Amino acid sequence: MFVRWFLYITLVVLTLTGNADYSGRDDVNLLIDEMVSEHNFTRAELEGVFANAQHNAGIIRAITRPAERTKQWYEYRNIFLDQKRIDNGVAFWNRHADVLEKAQRMYSVPPEVMVAIIGVETRYGKRAGSHRVLDALSTLGFDYPPRQKFFRKELKEFLLLSREENREPHAALGSYAGAMGYGQFMPSSYRAYAVDFDGDGLRDIWNNPVDAIGSVGNYLSQHGWAAGEDIVSRASGADDSAFAALANASLKPDMTLSQWKSKGKLEADLSDETEVALFRMQNTDAVEYWLGMHNFYVITRYNHSSMYALAVVQLSREIARSQAMLAKTE
């Protein structure tokens with residue numbers, strides 16, 4: 001209990017006092033010890049890195065109110081399905097059509113899905129984040145007790161990544177959570193799934209849309225994308241009194257449609273043997289029920305949110321529709 005309160009008080013003090021570097025702290029020194037003994041860093045180089053790292057109180061504020069937790073579906077959807085994002089998605093597709101075709105051949109992921117993920121994440125690379133990744137991961141790894149274990153692990157991955165890719169740790173920019181590049185990869189995902197898709201010897205998802213497209217395709221492929229399979233289907237006639245408490249329980253398809261139907265009235269244009277997860281989404285004046293299949297679950301491995309995955313799917317469909325209409329007029 002004392003440790004928990006000490007961490008909380010430390011967080012409050014840092015938040016109120018603004019920026020402070022991370023040199024000399026016991027918890028930082030412990031991480032340095034681990035990186036020296038486990039990964040052959042030198043103490044001097046890491047002490048220099050953390051003397052440069054800055055606590056950022058704004059990052060703590062931002063992570064406590066992500067859109068997936070604070071907005072209803074209709075509000076969340078409106079953020080990502082504006083006409084400008086759709087039009088820019090078509091333009092991005094046309095600029096990189098050959099790359100997207102190559103990625104589809106290699107990874108079996110439809111072009112519109114890869115485009116939509118990059119569109120949702122960064123508006124096609126235009127808003128990839130302005131926080132120093134070092135500051136974000138240090139702030140969250142040392143001064144955000146609710147998830148410091150996760151972010152401290154990502155900080156270690158980032159140090160390894162910086163060495164592997166020959167990048168200065170203090171120079172990389174990303175989101176308030178430390179996600180990077182067109183596709184907003186966390187350091188562990190970068191190390192595991194980023195690819196050199198243009199063969200220039202670099203895995204550059206910050207500045208190179210070719211590598212970014214290939215990396216998104218590879219990520220989805222490695223998480224089990226199934227070629228040609230449906231992603232999500234709208235359910236109709238759902239008995240809200242029967243399903244309100246059952247929906248949104250799991251991102252993973254865990255029952256067949258027939259099993260869901262046994263719990264209440266529910267209709268969908270799918271085989272009764274299709275394994276699905278059930279999601280309840282609040283619209284402006286009513287609720288919607290959606291059935292997520294395996295590929296929907298794969299998208300949630302990118303961001304563990306059903307609203308995120310549904311926004312990606314709907315944006316991808318709008319982009320594909322606009323792309324097809326444009327092709328007919330040419």
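A few comments on the model shown:
- From the options A235, A226, A212, A192, residue that is under 22 Å from A311 (Cα atoms), of a type outside the set (S, T, N, Q) and assigned to a helix (DSSP H, G or I): A212
- Looking only at residues in region 287-330 that are at pLDDT 95 or above, hydroxyl-bearing (S, T, Y) and more than 17 Å from D82 (Cβ to Cβ), the one that is surrounded by the most Cβ atoms within 10 Å (Cβ to Cβ) is S306.
- Count of region 164-189 residues, restricted to those that are in a helix (DSSP H, G or I) and either in contact with a Ser or Thr (Cβ under 6 Å, 6 or more places away or on another chain) or among the acidic types (D, E) (or both), is 2.
- Taking region 15-40 as the range and being aliphatic (A, V, I, L, M), modelled with pLDDT of 95 or more and surrounded by fewer than 16 Cβ atoms within 10 Å (Cβ to Cβ) as the test, the residues that pass are L30, V36.
- Any hit, region 112-121, residues being farther than 26 Å from M281 by Cβ and touching a residue at least 40 places away in the same chain (Cβ under 8 Å): no
- Cβ separations smaller than 7 Å between residues 6+ apart or across chains give the following pairs from region 87-100 residues that are closer than 15 Å to A212 by Cβ to residues that are polar (S, T, N, Q): W93/Q323.
- Which listed residue, of L140, L134, L161, is assigned to a helix (DSSP H, G or I), out of contact with any Pro (no Cβ under 7 Å at 6 or more places or on another chain), among the hydrophobic types (A, V, I, L, M, F, W, C) and farther than 24 Å from D230 by Cα: L140
- Checking S236, S241 one by one, the residue that is among the polar types (S, T, N, Q), more than 30 Å from A172 (Cα to Cα) and touching a strand residue (DSSP E or B) at 6+ places or on another chain (Cβ under 7 Å) is S236 and no other.
- Checked against (1) surrounded by fewer than 21 Cβ atoms within 10 Å (Cβ to Cβ); (2) modelled with pLDDT of 95 or more; (3) in contact with a helix residue (DSSP H, G or I) (Cβ under 7 Å, 6 or more places away or on another chain), Q259 passes all but condition (3).
- Qualifying residue in region 108-130 (condition: at pLDDT 95 or above and in contact with an Asp or Glu (Cβ under 6 Å, 6 or more places away or on another chain)): no
- Residue check, A227 on the phi < 0 side of the Ramachandran plot, buried (at least 21 other Cβ atoms within 10 Å of the Cβ) and either within 16 Å of the chain's Cα centre (by Cα) or touching a residue at least 40 places away in the same chain (Cβ under 8 Å) (or both): no
The values are calculated or read from the model by the stated rules, or taken from the named source; none is laboratory data. Here the structure is a predicted model, which is why all the values come from computation and not from measurement. All Cβ positions, even for glycine, are placed from backbone atoms using ideal geometry, and neighbour counts span all protein chains on display.
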